[in-house]
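The values are calculated or read from the model by the stated rules, or taken from the named source; none is laboratory data. Model, not experiment: these values are computed from the prediction. Cβ placement follows ideal geometry from the backbone for every residue including glycine, while neighbour counts extend to all protein chains displayed.
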């Protein structure tokens, strides 16, 4: 029978001091630390060390879709085929960890992966969470057999609509009290939120990598970097819809500005093509925080549309600034721009994609 090992990673800030941990129920456990790391690096490191340390048939259980989907959905095959480029033709993040880890899993042939929802009451997931948080906080690892003693508190999951990871994650700040909406405290965004809206892929050169999308990403990165010099606590907020929202999120990560993902409901990417889902999760797993504004996924297109409208209203309500990618023609975006300008006045930057192509 397979040995079941639980793994987890944590980071105090993203980037910041990180910690990783793994544990086998009633068996071995280990944790470690890295002075300057990210959430996703610590998730990889936890699983990698477990596979290096444990022999025999192994099932790795993680709450990181970044780790689990790499192997379960065989993302690594595309990475290797493309010469360690992702589906957007960009270098695969954390290759220094991924490459030896993937090679080890391939050579062993007896390792499988399973996802578990974090902070859902699973005792072993909670255990490795506490070990990882302890390692990140103290910058010391430890190892042993059986139940670890004197464990500190777990990473605080916050309200049901909050996500993310890390012992001093902004999830605590997200739980600041604001007037209740529908009987539930409404989430807020820590820091100085800059929200990105705009056109979908058909108006931005298509769904695949293209010159317009690259030029727009560069322009967004330039603006975000400039705004970060004026607001030390700047955070880019994106709903990760394909198009301007996704490009804005990728631009923020490229210039090292914290990303907050705001989703209208759980798993909106499920209906997307596989390559788009891969892109979604690669970005989402690098976010400082993930907020789900609705606990249940919609059951119809009408409900999905209503949830998106509520998400837009929430984003406008909590934004300090906004960037909108708009050609000046599309009426729905035009209405959104007017709503944002009514709320934020001069704190709205409109980018006409035609200006990037010489139209």
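Matching residues to (1) in contact (Cβ under 8 Å) with a residue 60 or more places away in the chain; (2) out of contact with any helix residue (DSSP H, G or I) (no Cβ under 7 Å at 6 or more places or on another chain); (3) more than 30 Å from residue 36 (Cα to Cα); (4) outside the structural domain of residue 36 (by TED's automatic domain parsing):
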residue	(1), (2), (3), (4)
202	no, yes, yes, yes
205	no, no, yes, yes
210	no, yes, yes, yes
214	no, yes, no, yes
268	no, yes, yes, yes
274	yes, yes, yes, yes
278	yes, no, no, yes
285	yes, no, no, yes
Please find, among 343, 296, 310, 338, the residue that is farther than 21 Å from residue 250 by Cα and touching a helix residue (DSSP H, G or I) at 6+ places or on another chain (Cβ under 6 Å).
343
Which members of segment 338-359 meet the condition of being over 11 Å from residue 326 (Cα atoms) and over 28 Å from the mean Cα position of the chain (by Cα)?
338, 341, 342, 345, 346, 356, 357, 358, 359
So, in segment 71-112, exactly how many residues are over 21 Å from residue 279 (Cα atoms) and assigned to a strand (DSSP E or B)?
2
Segment 319-359, residues that are without any contact (Cβ under 8 Å) to a residue 12 or more places away in the chain and farther than 21 Å from residue 222 by Cβ
329, 331, 332, 334, 335, 338, 341, 342, 345
State the number of residues belonging to segment 287-310 that are in contact (Cβ under 8 Å) with a residue 40 or more places away in the chain and within 14 Å of residue 271 (Cβ to Cβ).
3
Can you pull out the residues in segment 83-120 that are under 22 Å from residue 242 (Cα atoms) and either surrounded by 12 or more Cβ atoms within 10 Å (Cβ to Cβ) or without any contact (Cβ under 8 Å) to a residue 12 or more places away in the chain (or both)?
85, 86, 87, 88, 90, 91, 92, 93
Only one of 34, 59, 55 is under 20 Å from residue 258 (Cβ atoms) and in the same structural domain as residue 114 (by TED's automatic domain parsing); which?
34
Of all residues in segment 261-316, how many are assigned to a loop (DSSP other than H, G, I, E, B) and closer than 30 Å to residue 12 by Cβ?
11
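Residue-by-condition table, conditions (1) out of contact with any strand residue (DSSP E or B) (no Cβ under 6 Å at 6 or more places or on another chain); (2) under 19 Å from residue 9 (Cβ atoms); (3) modelled with pLDDT of 95 or more:
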{"position": "101", "(1), (2), (3)": "yes, yes, yes"}
{"position": "120", "(1), (2), (3)": "yes, yes, no"}
{"position": "135", "(1), (2), (3)": "no, yes, no"}
{"position": "164", "(1), (2), (3)": "no, yes, no"}
{"position": "168", "(1), (2), (3)": "yes, yes, no"}
Inside segment 1-37, the number of residues satisfying the requirement of being part of a loop (DSSP other than H, G, I, E, B) and either over 24 Å from the mean Cα position of the chain (by Cα) or surrounded by fewer than 22 Cβ atoms within 10 Å (Cβ to Cβ) (or both) is 8
Taking residue 232 as the residue in question, decide whether it is at pLDDT below 90 and out of contact with any helix residue (DSSP H, G or I) (no Cβ under 9 Å at 6 or more places or on another chain).
yes
